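The values are calculated or read from the model by the stated rules, or taken from the named source; none is laboratory data. Everything numeric here is computed off the predicted structure, so don't read it as measured data. Virtual Cβ from ideal backbone geometry, glycine too; neighbours counted across all protein chains shown. Accessible surface is based on the protein model in full, side chains and every heavy atom, while ligands, DNA and RNA are left aside. Shrake-Rupley method; radii C 1.70, N 1.55, O 1.52, S 1.80 Å.
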Amino acid sequence: GVIFIPMVCFFFFFCFSQTLCDLHGNEAVTLTIGAPINQGQQSITFLSSLYPNGTTLQNQKIQINGILKIDRLLIFDNCRVQLEQGAQLITEGANTVAAGSTNFYTCDKKMWKGIYLKDEGGAVLLNCEIEDAEAALTLDDGASAIVNGTIFDRNHIGIRNGDASLGQTGLNLPFFGNNTFQCSSLPVFRFSSGLDPAFPGWSYAGIYVN
């Protein structure tokens, strides 16, 4: 079966809403991770190659290109994280990505892929805002996420399940509250050609489990 929590898009807001790119796109980048996409080929960066012991990034505007493999603890504190089209954050093993008061968005004409918690990966999202992702947060069966006070806006899907290798289909969200799923304006176009479910041109679902 499929659990599907639909989105409601208020079309009369579209002319008046400001995107995160509108608000932060012109700010100077203080840290760049990964090389820009080149003829469809994405760079792959392991966090440990930059920060062998993990890191906390505070009060920065960060540009992430390609795929960032989170194989150490990564914390964003009050950051603006701008992602190129197709960019993705993927946990490796039992590592965690945490963010507080941080915005994730793109200024490209196509979506970024989102945050993918693979295997036993974890996430903590507190008072964040995530825009323009194909799936803002994806959880494999062994993964878990704490999500509170976070806005999911203009994404194809807000939260969804990934690999059900343990034979179960569900989402492990130990603490989940005060979150908003919305579609304040039409999102940018999808990056991936084979999205499932298909991209309808607007936000498809807040939470999707299949």
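Key figures for this structure:
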item: Within segment 110-121, considering residues that are open to solvent by less than 10 Å² (accessible area, probe 1.4 Å) and either of a type outside the set (A, V, I, L, M) or touching a residue at least 60 places away in the same chain (Cβ under 8 Å) (or both), the one farthest from residue 175 (Cα to Cα); result: 111
item: Pair list, Cβ < 7 Å and 6+ apart or interchain, from segment 22-42 residues that are in contact (Cβ under 8 Å) with a residue 60 or more places away in the chain and under 22 Å from residue 56 (Cα atoms) to residues that are among the small types (Gly, Ala, Ser) and assigned to a helix (DSSP H, G or I); result: none
item: Matching residues in segment 110-121 - criterion: being on the phi > 0 side of the Ramachandran plot and assigned to a loop (DSSP other than H, G, I, E, B); result: 119
item: Checklist (1) at pLDDT 95 or above; (2) in a loop (DSSP other than H, G, I, E, B); (3) surrounded by fewer than 18 Cβ atoms within 10 Å (Cβ to Cβ); (4) not aromatic (Phe, Trp, Tyr) applied to residue 32, failing item; result: (2)
item: Members of segment 122-162 that are basic (Lys, Arg) and part of a strand (DSSP E or B); result: 160
item: Qualifying residue in segment 127-145 (condition: crowded, with 21+ Cβ neighbours inside 10 Å and within 21 Å of residue 49 (Cα to Cα)); result: no
item: Only listed residue being open to solvent by 70 Å² or more (accessible area, probe 1.4 Å), of a type outside the set (Ser, Thr, Tyr) and in contact (Cβ under 8 Å) with a residue 60 or more places away in the chain, chosen from 175, 189; result: 189
item: Set 60, 39: member being modelled with pLDDT under 95 and farther than 20 Å from residue 158 by Cα; result: 39
item: Out of 199, 181, 152, sole residue that is at negative phi and either free of Cβ contacts under 8 Å to residues at least 40 places away in the same chain or open to solvent by 40 Å² or more (accessible area, probe 1.4 Å) (or both); result: 181
